[in-house]
Amino acid sequence: MTGTTIMRKLFLAILISFVLCSINISPVAAAGLDADTNLLLHLNGTDGSTTMPDSSITNNKGNATVTLNAELDTTYKKFGTAALLLDNTNSYISYADSSDWDVFANTVDDWTIDLWVRHAQLPSNEDWYFYHEEDSSNNWRFRRAGGVAGATNFRLKVGNVYTLSLSGAGITDTDWHHVCLVKKGNEYGLYLDGVQGGYVQSNEVGNFTGSLYIGKPDTTNYFDGSIDEPRIQHSNYFNAAPNVGLTDTITVPIAEYSADTPTSMSQLIITTLFDY
């Protein structure tokens with residue numbers, strides 16, 4: 001590397017730093033898309049579009065199957081250009097059965113299920129986020145329970161018995177919230193906006209054959225509102241440590257997930273110096 005090249009890189013790095021500071025923008029993004037990502041929907045596109053591709057790298061699932069009025073909406077979105085809009089009228093999106101949904105097949109593997117949600121109105125009966133259904137007696141579900149202070153909730157149902165049930169903090173407004181379920185071996189934690197609100201330790205398992213739904217319940221109470229960045233990750237992505245004292249926290253993503261994006265101004269400058 002010549003002295004001229006070094007000086008050019010240094011000048012460019014200083015220029016980037018000066019410009020970002022002067023406009024008060026930090027190029028912060030969340031990584032979160034890697035070989036362990038089994039499903040990731042950015043839900044970007046034009047208003048009213050029903051094209052909703054999976055962005056996962058390994059075993060990409062293609063476009064979601066869209067039912068009834070499910071569509072992209074550019075008015076309410078957390079990141080990017082749009083989010084999924086559901087209107088509580090039997091509308092949802094889905095994917096066919098896959099081993100990538102077998103989150104609770106054993107008590108050894110780590111998993112992370114997370115997404116951003118904006119409930120259109122409260123109180124509501126229930127709003128379902130993820131639902132993996134073999135039949136009404138065998139499934140797992142991630143949702144907001146009913147009522148004004150409806151808690152975030154996860155349940156595993158095997159043989160028509162709720163073998164695992166976990167509730168966390170409630171969502172009481174129509175703002176955007178990050179909700180997350182972490183499975184660390186046989187320990188489970190529910191997180192709302194980065195704060196642990198629920199915990200259970202369980203050796204119960206369930207391995208189902210059936211579709212994965214986003215926004216669809218078992219019977220009624222379809223999701224009413226907006227969903228962005230739903231993801232199923234076969235790892236403890238946030239390095240969570242769920243515990244009975246509910247003292248754990250995770251870092252809430254502040255941008256849509258990407259495969260390789262600078263996470264801070266300093267990283268951007270370093271990348272510039274070595275890759276330019």
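The values are calculated or read from the model by the stated rules, or taken from the named source; none is laboratory data. This structure is a prediction, so every number in the text was calculated from the model and none was measured. Don't worry about glycine lacking a Cβ; one is built from the backbone with ideal geometry, like all the others, and counts go over all protein chains shown.
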Selection count where residues are modelled with pLDDT under 95 and over 25 Å from Gly210 (Cα atoms), scope the range 49-74: 0
Scan of the range 168-187 for residues that are at pLDDT below 95 and either within 23 Å of Val108 (Cα to Cα) or buried (at least 19 other Cβ atoms within 10 Å of the Cβ) (or both), ordered by number: Gly168, Ala169, Ile171
Looking only at the range 212-239, and only at residues there that are among the hydroxyl-bearing types (Ser, Thr, Tyr), at pLDDT 95 or above and part of a loop (DSSP other than H, G, I, E, B), the one that is nearest to Cys180 (Cα to Cα): Tyr237
Filtered residue count, the range 183-211, keeping only those that are farther than 19 Å from Trp128 by Cβ, among the aliphatic types (A, V, I, L, M) and assigned to a strand (DSSP E or B): 2
Some residue of the range 194-208 being at positive phi, at pLDDT 95 or above and surrounded by fewer than 18 Cβ atoms within 10 Å (Cβ to Cβ): yes
Matching entry among Ala105, Ala120, Ala83 (being in contact (Cβ under 8 Å) with a residue 60 or more places away in the chain, of a type in the set (Gly, Ala, Ser) and farther than 18 Å from His178 by Cβ): Ala105
Of all residues in the range 132-158 being outside any strand (DSSP E or B) and either aliphatic (A, V, I, L, M) or touching a strand residue (DSSP E or B) at 6+ places or on another chain (Cβ under 7 Å) (or both), the one that is surrounded by the most Cβ atoms within 10 Å (Cβ to Cβ): Gly150
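From the set of residues in the range 79-125 that are among the charged types (D, E, K, R) and within 20 Å of Asn153 (Cα to Cα), which is nearest to the chain's Cα centre (by Cα)?
Taking the range 79-125 and keeping what is among the charged types (D, E, K, R), we get 87, 97, 100, 102, 109-110, 114, 118.
Next, only the ones that are within 20 Å of Asn153 (Cα to Cα) stay: 102, 110, 114, 118.
On the way: Asp102: 16, Asp110: 15, Asp114: 3, Arg118: 13 Å.
Going through the qualifying residues, I end up with Asp114.
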Search result, residues across the range 58-84 that are closer than 30 Å to Asn138 by Cβ and touching a strand residue (DSSP E or B) at 6+ places or on another chain (Cβ under 7 Å): Lys61, Gly62, Asn63, Ala64, Thr65, Val66, Thr67, Asn69, Ala70, Leu84
